[in-house]
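Visitor: Would you mind keeping the following structure in view while I ask a few things?
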Amino acid sequence: MNENTMQKAVIENPQGPMVVVEDDDEISLLDLAIVLAKFKKLILGLPVLVGALTVGVTLLMTPIFTATTAILPPQQSQSTASALLGQLGGLAGIAGAAAGIKNPSDLYVGMLKSRTVADAMIARFDLVNYYEAELTQDARKSLEGVSSFSAGKDGIITISVDDKDPELAAKMANAYVEELNKLTEVLAVTEASQKRLFFERQMVDARDRLVAAEIEARSAMERGGLASIDAQGQAMIGVTARLRGQISVKEVEIGAMRAFAAEENPRLKAAQQELLALQTELARIEGASALREGQAGAESSAGATNLQLLRNVKYYETLYQMLAQQFELAKIEEAKDSALIQVLDAAIPPERKSKPKRALIVILAVLAAGFVAVLIAFMKEAALRAADDPESAERMRLFKKYLSWRS
């Protein structure tokens, strides 16, 4: 090292004499420019060569076209039928609250990504042979790689398919919509469909119980005949059946609300109070009926039995009628929502390729090559300077020695 490349700094040592410290100067911009100019052929030539090779490679790459279709899923809004269902009783709100769909767009995106839709697409376009896959699972992965689904904040779902054939890409994008429609026809994905299934199951159960109660009453009549029941008894049967039906509806409502509502929920508390009032009223009426039957004495035991049988029949008949009404309204609402998928923009064969992006690839390759060329230039300059400096040459020798696998 010469004196021109060194600077001396004198600092005060509190424990002894003055200490002289020598530091190397920082490399100046002129030194950097000299190195770049010295290796200008490498720095300019390597990026040009890599850029030319990249252009050739991208020209040989198969162009890929992207076809896109936009759809609008069913909107989960409260229709007139929903309002009517809410007026009929607590059961109407149960199905919607327990099975309501918060974000229908995400739901339909999930259905588009399902294996059921993928297998339908594979069979429809014979993708096992088209993708030259050995197994259906391999074709499914290839299809997943060229298909993309996204749901925007506006609720619009975008379906995109990449393929080297623009016609096929458009057909596949539109086929996704058709397969989604087919899947929604067999699945209850809308709020109306959920309500319809809920009421249908409850109605079937009530119908079975009604049939069983009628058979029991008919058997009693065949065994000993039914004793006559006065007008007051018939009226009490109707009132009791109605109250028992309302209690059953309220119990189901509370059970469904517990799935999503805390114990302090005002709606849950109100429903519990209504149930308690109905149970109190039923107990009062049944108590009065029992007192009346007790006063009638043993001679009216047949009439008491008849009252119990008729109460059961009337109760299940009332419950079945309530569920049947709500089931029909749910069917009306489901039919109103039957126009499931609305296509905003059907896919058409794209005129321009989407991949590969040659300009972007070439620019990135040239920049990377330029960076590597500059790095090589500075490494070569450092090696040349190290050869002229014995100390640096020795450090370079040790570096190569330890870098070797045989060391």
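Visitor: Could you give me the residue pairs with C-beta distances under 7 Å whose first residue belongs to segment 381-393 and is more than 15 Å from LEU32 (Cα to Cα), whose second residue is of a type in the set (Ser, Thr, Tyr) wherever it lies, and which are 6+ apart or on separate chains?
Guide: ALA386/SER392
Visitor: If I filter segment 376-407 down to residues being surrounded by 11 or more Cβ atoms within 10 Å (Cβ to Cβ) and within 30 Å of GLY56 (Cβ to Cβ), which single residue comes out as modelled with the highest pLDDT?
Guide: ILE376
Visitor: Now, a different point. Only one of GLN325, GLN321, GLN342 is at pLDDT 75 or above and touching a Pro at 6+ places or on another chain (Cβ under 9 Å). Can you tell me which?
Guide: Going through GLN325, GLN321, GLN342 in turn, the sole match is GLN342.
Let's see how each residue does on (1) surrounded by fewer than 20 Cβ atoms within 10 Å (Cβ to Cβ); (2) in a helix (DSSP H, G or I); (3) within 16 Å of the chain's Cα centre (by Cα):
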| site | (1), (2), (3) |
| --- | --- |
| ASP138 | yes, yes, no |
| LEU143 | no, yes, no |
| SER148 | yes, no, yes |
| LYS153 | yes, no, yes |
| ASP162 | yes, no, no |
| ALA169 | no, yes, no |
| ALA173 | no, yes, no |
| TYR176 | no, yes, no |
| LEU180 | no, yes, yes |
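Visitor: Here's a follow-up. Given (1) in contact (Cβ under 8 Å) with a residue 24 or more places away in the chain; (2) outside any helix (DSSP H, G or I), identify the lone condition not met by ILE376.
Guide: Unmet for ILE376, out of (1) in contact (Cβ under 8 Å) with a residue 24 or more places away in the chain; (2) outside any helix (DSSP H, G or I): (2).
Visitor: Using the structure shown, decide if ALA188 is in contact with a Leu (Cβ under 6 Å, 6 or more places away or on another chain) and modelled with pLDDT under 95.
Guide: yes
Visitor: Suppose the filter is of a type in the set (A, V, I, L, M) and at pLDDT 90 or above; does ALA139 pass it?
Guide: yes
Visitor: Only residues in segment 118-132 that are under 20 Å from ASN181 (Cα atoms) count as the first member; pair them with residues that are among the aromatic types (Phe, Trp, Tyr), Cβ under 8 angstrom, at least 6 apart or cross-chain, and list the lot.
Guide: MET121/TYR176
Visitor: So, one more: Taking GLU200, is it part of a helix (DSSP H, G or I) and either in contact with a helix residue (DSSP H, G or I) (Cβ under 9 Å, 6 or more places away or on another chain) or crowded, with 16+ Cβ neighbours inside 10 Å (or both)?
Guide: Taking the combined requirement at face value, the residue satisfies it.
Visitor: Given the criteria over 56 Å from the mean Cα position of the chain (by Cα), assigned to a helix (DSSP H, G or I) and modelled with pLDDT of 80 or more, does ALA52 qualify?
Guide: no
Visitor: Another question, then. Of the residues that make up segment 309-316, is at least one modelled with pLDDT of 70 or more and either under 33 Å from the mean Cα position of the chain (by Cα) or not in a helix (DSSP H, G or I) (or both)?
Guide: No; the residues of segment 309-316 include none that is modelled with pLDDT of 70 or more and either under 33 Å from the mean Cα position of the chain (by Cα) or not in a helix (DSSP H, G or I) (or both).
The values are calculated or read from the model by the stated rules, or taken from the named source; none is laboratory data. Keep in mind it's a predicted model, so treat the numbers as computed, not measured. Cβ: placed from backbone, ideal geometry, glycine included. Neighbour counts: every protein chain shown.
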